[in-house]
Amino acid sequence: MSVVLSHDVFREISYGLYVVTSKDGEKGNGQIVNTVLQVTSEPPKFAVIVNRKNLTHDYILKSGVFGVSVLSEDAPMIFIGLFGFKSGRDIDKLANTTYIEGVTGCPLVTEHALGVLECNVVNYLGVGTHTIFVGEVIQSMALGSGRPMTYEYYHKHLKGKTAKNAPTFIAQK
């Protein structure tokens, strides 16, 4: 009996598009992720999934904090590209956007964001190439109204690509 593994089915799973941030001392960094989920309501906890190769991953491990910015559909590709296709090892991403400092000092990107969350890491789990970080929300703010960016909208309307370090990346054959 042979097993079929169709990656086409994977693309049918629904995701959003977010900027996840963290800090290392005075330095901040952020990246685009499509894997953010609420895991409990009381106390509120969220999980983010970050590739172990990314600088933001190192910052979250070191500082024990992360921020999540819920992107609006009006976020342009140049903004998404800044956080999704450039490395914080090469450029200061936050120098090119608007953000506020959270209560922990974690940068929270407000540009093109409908809202932000700030979390203290309470647990994490390595899952191969990625780590699942679970954080308890210590601050959250609604910033405006609009429609949140979905991964489907990003692909269909903005013609966006999947970054190599994303958990949903599938190499073309």
Matching residues in segment 45-66 (among the aliphatic types (A, V, I, L, M) and farther than 19 Å from residue 16 by Cα) number 4
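Would segment 44-52 turn up any residue that is touching a strand residue (DSSP E or B) at 6+ places or on another chain (Cβ under 9 Å) and farther than 12 Å from residue 133 by Cα?
yes
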Is it fair to say residue 22 is within 14 Å of the chain's Cα centre (by Cα), among the hydroxyl-bearing types (Ser, Thr, Tyr) and under 19 Å from residue 127 (Cβ atoms)?
yes
Within segment 71-102, which residues are part of a strand (DSSP E or B), within 14 Å of the chain's Cα centre (by Cα) and buried (at least 21 other Cβ atoms within 10 Å of the Cβ)?
71
Sort through 133, 85 and tell me the only one that's modelled with pLDDT under 95 and aromatic (Phe, Trp, Tyr).
85
Inspect segment 103-112 for any residue being over 14 Å from the mean Cα position of the chain (by Cα), surrounded by 12 or more Cβ atoms within 10 Å (Cβ to Cβ) and not in a loop (DSSP other than H, G, I, E, B) and give the result as yes or no.
no
Give me the pairs, please: first residue somewhere in segment 112-129 and closer than 14 Å to residue 61 by Cβ and without any contact (Cβ under 8 Å) to a residue 24 or more places away in the chain, second residue anywhere and among the β-branched types (Val, Ile, Thr) and surrounded by fewer than 22 Cβ atoms within 10 Å (Cβ to Cβ), beta-carbon distance under 7 Å, and either six or more positions apart or on two chains.
123/134; 125/131; 125/132
Residue that is among the aliphatic types (A, V, I, L, M) and either in contact with a Ser or Thr (Cβ under 9 Å, 6 or more places away or on another chain) or surrounded by fewer than 16 Cβ atoms within 10 Å (Cβ to Cβ) (or both), where the choices are 13, 32
13
Could you figure out which of (1) closer than 15 Å to residue 89 by Cβ; (2) in contact with a helix residue (DSSP H, G or I) (Cβ under 8 Å, 6 or more places away or on another chain) isn't true of residue 53?
(2)
Counting only residues that are closer than 16 Å to residue 12 by Cβ and modelled with pLDDT of 75 or more, segment 154-173 contains a total of 2
Kindly check whether there is at least one residue in segment 17-28 that is over 18 Å from residue 151 (Cα atoms), touching a strand residue (DSSP E or B) at 6+ places or on another chain (Cβ under 6 Å) and not hydroxyl-bearing (Ser, Thr, Tyr).
yes
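Going by the structure shown, is residue 133 over 19 Å from residue 26 (Cα atoms), in contact with a helix residue (DSSP H, G or I) (Cβ under 8 Å, 6 or more places away or on another chain) and not in a loop (DSSP other than H, G, I, E, B)?
Yes, satisfied.
The values are calculated or read from the model by the stated rules, or taken from the named source; none is laboratory data. These figures come from a predicted structure and were not determined experimentally. Heads up, the Cβs are rebuilt from the backbone with ideal geometry, glycines too, and the neighbour counts pull from every protein chain shown.
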